[in-house]
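The structure appears right after this line, and notes come after that.
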Amino acid sequence: MGPLEGVRIIDLTTVLMGPYATQMLGDYGADVIKIETLDGDVTRQIGPTRHPGMGPVFLNTNRSKRSICLDLKKDAGREALLRLVASADVLVYNVRPQAMERLRLGYDVVAGTNPRLIYAGVFGFGQDGPYAAKPAYDDLIQGATALPALMAQTGDGIPRYVPNALVDRIVGLTAVGAICAALVHRDRTGRGQRVDIPMFETMAGFVMGDHMGGLTYQPPLDRGGYARHLSRDRRPYKTSDGYICVIVYNDKQWENFFKATGRDDLRQNPKFSTFAGRAVNIDTVYAELARIFEARSTAEWTELLTKADVPVMPMHDLESLLQDPHLVATNFFPVVDHPSEGAIHSMKASARFSETPAEAVRLAPKLGEQSEEILREAGFSTDEIAAMARDGVTKIAGRG
């Protein structure tokens, strides 16, 4: 019984940003009904698979959901969706609002069916600016919010995207918060509302929260940028036999570091002895740390710094992360038995609730696995469902 038990969500999202948000809402207890085309979410095809349509990106972004196929371009499919909306709390979509209007599923239409509905759109740009109708993808928004430029500044001068769907996941998380806030308002007032969560504006605030710097002021005090984040030696440190992740940040940690390493000379150096001194000379500080860490092995540094209470973590790769002792102890990556895929790694919800535990209520569904079940809940008869399947309005798993 998660904290969102009893909340029903109509999930019109695909790929990653929207599905990541709705998966989290499902893990929190909501009944998430994933509406798919008859071909299914494209992420079903990404990555190595045991069976067609059940790729790892889909499996890890669509648990805690039920799948129904509907062709929304057909009148019968649209009408079926509106019947589902009538008893729902939230509708989430991540196409451009203009596409929802073409489907005759804009806010005014949907709210007419259910005025208590939260109508949440996760898309590229705010609708009051010149980019309103532009398409958007993770890479584009990374570039437009300066992340590749920052990567170039800290590396070899070549702009690069972060090797992660960073924008999709950050905006998805933002959507979860916005949807929950709108549900609180709805429960207080009885009124639903439209909620827009634009990628560009969300990420502009996310990046510039760190890097606005002197551009905060008028006139500017500098060209922006957080010096510590932009230092070229802010990276995992090379040891004598590998790499290690260390941050010596506050004065107490530095004092412990000086004692553990016997570096009284650094304690007396004004570039190292105070927070202000380190901030101004951060490149010098990080470069010196890089030289220091090359002198011992990763295991030696881990033991030494742990005893000194200096923050230290291993630098994992994708495989070793699965074996991290903390994550093993907390069973964060449980091996579960998927009905069609067999043994797979899943991931736990990271939030912990003392009264309403959050956990996956079901594993990622096959395409149309619950089509018949959901349509019956909406009041469709056996004959009506059969006609919809025959006419290509829906698809039912296991029936061709």
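The values are calculated or read from the model by the stated rules, or taken from the named source; none is laboratory data. Note that the coordinates shown come from a computational prediction; the quantities given were computed from them, not determined experimentally. When we count neighbours, we look across all protein chains shown, and the Cβ atoms used for this are built from the backbone with ideal geometry, even at glycine.
Being more than 31 Å from the chain's Cα centre (by Cα) and of a type in the set (Phe, Trp, Tyr) narrows it down to one residue among Phe272, Phe333, Phe353; which is it?
Every option except Phe272 fails the conditions.
Looking for whichever is under 23 Å from the mean Cα position of the chain (by Cα) and either assigned to a helix (DSSP H, G or I) or surrounded by fewer than 19 Cβ atoms within 10 Å (Cβ to Cβ) (or both) here; the options are Gln127, Gln98. Which one fits?
Within the list Gln127, Gln98, the selection yields Gln127.
Of everything in the stretch 269-318 that's touching a helix residue (DSSP H, G or I) at 6+ places or on another chain (Cβ under 9 Å) and of a type in the set (Ser, Thr, Tyr), which residue is surrounded by the fewest Cβ atoms within 10 Å (Cβ to Cβ)?
Thr274
Which of (1) touching a residue at least 40 places away in the same chain (Cβ under 8 Å); (2) more than 30 Å from Leu183 (Cα to Cα) does Thr49 not meet, given it meets every other one?
(1)
Phe58 is checked against (1) out of contact with any strand residue (DSSP E or B) (no Cβ under 7 Å at 6 or more places or on another chain); (2) assigned to a loop (DSSP other than H, G, I, E, B); (3) buried (at least 19 other Cβ atoms within 10 Å of the Cβ) and fails just one. What number does that condition carry?
All conditions are met except number (2).
Tell me which residues, restricted to the stretch 281-298, are in a helix (DSSP H, G or I) and either in contact with a Cys (Cβ under 7 Å, 6 or more places away or on another chain) or without any contact (Cβ under 8 Å) to a residue 12 or more places away in the chain (or both).
Arg291 - this is the single residue of the stretch 281-298 that is in a helix (DSSP H, G or I) and either in contact with a Cys (Cβ under 7 Å, 6 or more places away or on another chain) or without any contact (Cβ under 8 Å) to a residue 12 or more places away in the chain (or both).
Looking only at residues in the stretch 325-374 that are part of a helix (DSSP H, G or I) and in contact (Cβ under 8 Å) with a residue 12 or more places away in the chain, which one is surrounded by the fewest Cβ atoms within 10 Å (Cβ to Cβ)?
Taking the candidates together, the pick is Glu373.
Looking only at residues that are among the aliphatic types (A, V, I, L, M) and closer than 22 Å to Gly6 by Cα in the stretch 165-180, which one is surrounded by the fewest Cβ atoms within 10 Å (Cβ to Cβ)?
This residue is Leu173.
Yes or no: Val246 under 24 Å from Ala279 (Cα atoms), touching a strand residue (DSSP E or B) at 6+ places or on another chain (Cβ under 7 Å) and surrounded by 15 or more Cβ atoms within 10 Å (Cβ to Cβ)?
Spelling it out, Val246 is indeed under 24 Å from Ala279 (Cα atoms), touching a strand residue (DSSP E or B) at 6+ places or on another chain (Cβ under 7 Å) and surrounded by 15 or more Cβ atoms within 10 Å (Cβ to Cβ).
Across the stretch 76-95, what is the total count of residues that are assigned to a helix (DSSP H, G or I) and either among the charged types (D, E, K, R) or at pLDDT below 95 (or both)?
The total comes to 3.
Collect the residues in the stretch 241-268 that are farther than 23 Å from His229 by Cβ and either assigned to a helix (DSSP H, G or I) or touching a helix residue (DSSP H, G or I) at 6+ places or on another chain (Cβ under 8 Å) (or both), keeping them in residue-number order.
Asp241, Gly242, Glu255, Asn256, Phe258, Lys259, Ala260, Thr261, Arg263, Asp264, Asp265, Arg267
Step by step: first the residues of the stretch 372-395, then only those that are under 22 Å from Ala88 (Cα atoms) and among the hydrophobic types (A, V, I, L, M, F, W, C), then the one that is nearest to the chain's Cα centre (by Cα). Which residue is that?
Checked the stretch 372-395; the qualifying residue nearest to the chain's Cα centre (by Cα) is Ile374.
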